[in-house]
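Heads up, the thing below is written out as structure tokens.
The values are calculated or read from the model by the stated rules, or taken from the named source; none is laboratory data. Quick caveat: nothing in here was measured; it's all calculated off a predicted structure. Here Cβ is always computed from backbone atoms with ideal geometry, including for glycine, and neighbour counts include all displayed protein chains.
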């Protein structure tokens, strides 16, 4: 039976082993133990130098190849050539012209018509190309891997051919007397290079070039769809058509939006195909597209300042169309939610 003295001694030993007493009002849990290390990461006010080391080359190349040309083009668009002396035959000088080049460009009816022409071109060609790319991607997704790889490479092959070479190849297929297409159609063959058809002949070349490229983007999106969705669709009794309409097409919508934006920008930059077709068709004028009009001013009329103003206007229209399309798509997504 323990005595009171034994209990007192045991309590003293317990108090001695418990360490120093914690003052009242202070939480023992809030005080770190003696000798313990704080492994919490410390936030630095300065950015990581390693990140800037890797981003530096890209930013330098981006500024040199993208930002500086835009700034220089805007600067050149504000200049003009001033001629002095009798009848303007004196030595020309370059001076500040303000927005004069922009006013001249907007007063040219051919330049304004070229915007309407490429807009009509884009309204027809972009949907046709994206629908074709989507159909090809869906068909490849249904094939076995043995044939899908071969067909994917075959569809993508036209994109690897430069636009000038592709236009020359198709030009031979458009010229009467040389083209096997016109010979096969005979008297019912349309004039592919005529005033009414040359725009759609160019559209056919662009679709042939870029449908395979857009198809690969959509195929990559299809490969990211979880297989569980397909399994659930098969369990519910969905066939290939229902799976494509209810699962695949809605899931590849981001890829379709991306390819559509790229196609809008590419449509506004249409240049190589009309430039080569111009040699074969009198229907393609020097201002057939905005890019071709700026090129003609710079290298045929030696007016680089007016060409710079047209290039800036073209860039503004392309930005407005692409950002307008993205804004419209974003609003539709928000309204659905």
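Details
- Subset of region 79-132 that is in a loop (DSSP other than H, G, I, E, B) and at pLDDT 90 or above - its residue that is farthest from residue 256 (Cα to Cα): 99
- Helices (runs of 4 or more DSSP H) enclosed by region 182-285 - at least 2 residues per element that are within 19 Å of residue 124 (Cβ to Cβ) and at pLDDT 90 or above: 198-223, 253-268, 272-277
- Complete set of residues in region 155-172 that are touching a helix residue (DSSP H, G or I) at 6+ places or on another chain (Cβ under 8 Å) and more than 21 Å from residue 121 (Cα to Cα): 155, 156, 157, 161
- Residue count for region 286-327, restricted to those that are part of a loop (DSSP other than H, G, I, E, B) and closer than 27 Å to residue 197 by Cα: 5
- Residue list for region 287-307, filter: in contact with a helix residue (DSSP H, G or I) (Cβ under 6 Å, 6 or more places away or on another chain) and without any contact (Cβ under 8 Å) to a residue 24 or more places away in the chain: 294, 297, 298, 307
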